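The values are calculated or read from the model by the stated rules, or taken from the named source; none is laboratory data. Since we're looking at a predicted model, the values are computed, not measured. Positions of Cβ are backbone-derived with ideal geometry, glycine not excepted, and every protein chain shown enters the neighbour counts. To get the accessible areas, we keep the full protein, side chains included, count just its heavy atoms, and leave off ligands, DNA and RNA. Shrake-Rupley method; radii C 1.70, N 1.55, O 1.52, S 1.80 Å.
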Amino acid sequence: QRQLVESGGGLVQAGDSLRLSCAASGRTYSWYAWFRQAPGQEREFVSRIKWNLGSTYYADSVTGRFTISRDNAKNMVYLQMNSLKPEDTAVYYCAAGPVGGRTSESYNYWGQGTQVTVSS
């Protein structure tokens, strides 16, 4: 079975960096992704990665600032977040599924989320 657990969130200043981690129980699915949800907003796609090839995709809002990666030996997925902005404040969720996509419906398994707060 698949279990995803996020960690690494916290309170930082604008311009700072954070690295989020997602511990995955296995390699059951082909795709891993990060989503985020700000107060009063829908859950939005941030980034995804294809496990075997390492192909990556990003939302326009984070391109050039965030980097998704994985460590296949450790079954870990990461989101390196640089040049953080207050607009990045949200709960960040790790997700996994068989087909890559930019919608929540593409993913079958979800972590509980980790809070990222960026102050100005």
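The set of residues in region 60-82 that are open to solvent by 20 Å² or more (accessible area, probe 1.4 Å) and in a loop (DSSP other than H, G, I, E, B) comprises ASP60, SER61, THR63, GLY64, ARG65, ASN72, ALA73, LYS74, ASN75, ASN82.
Summed over region 22-39, residues that are out of contact with any helix residue (DSSP H, G or I) (no Cβ under 9 Å at 6 or more places or on another chain) and either under 12 Å from TYR92 (Cα atoms) or open to solvent by 50 Å² or more (accessible area, probe 1.4 Å) (or both) total 8. What do you reckon, is TRP34 at pLDDT below 95 and touching a strand residue (DSSP E or B) at 6+ places or on another chain (Cβ under 9 Å)? Criteria not met by TRP34. Surrounded by fewer than 17 Cβ atoms within 10 Å (Cβ to Cβ) and at negative phi: is that true of ARG19 in this structure? Judged against the criteria, ARG19 is a match. When SER120, SER104, SER69, SER83 are screened for being among the hydroxyl-bearing types (Ser, Thr, Tyr), more than 11 Å from the chain's Cα centre (by Cα) and over 19 Å from GLY10 (Cβ atoms), only SER104 passes. Please go through region 40-59 and give me each residue that is touching a helix residue (DSSP H, G or I) at 6+ places or on another chain (Cβ under 9 Å) and part of a loop (DSSP other than H, G, I, E, B), ordered by number. Once the filter is applied, which keeps residues that are touching a helix residue (DSSP H, G or I) at 6+ places or on another chain (Cβ under 9 Å) and part of a loop (DSSP other than H, G, I, E, B), region 40-59 yields GLU42, ARG43.
Scanning region 83-120 for residues that are without any contact (Cβ under 8 Å) to a residue 60 or more places away in the chain and open to solvent by 40 Å² or more (accessible area, probe 1.4 Å) returns GLU87, ARG102, THR103, GLU105. Got a sec? Which of VAL5, VAL12 is open to solvent by 60 Å² or more (accessible area, probe 1.4 Å), β-branched (Val, Ile, Thr) and assigned to a strand (DSSP E or B)? Residue meeting the stated conditions: VAL5.
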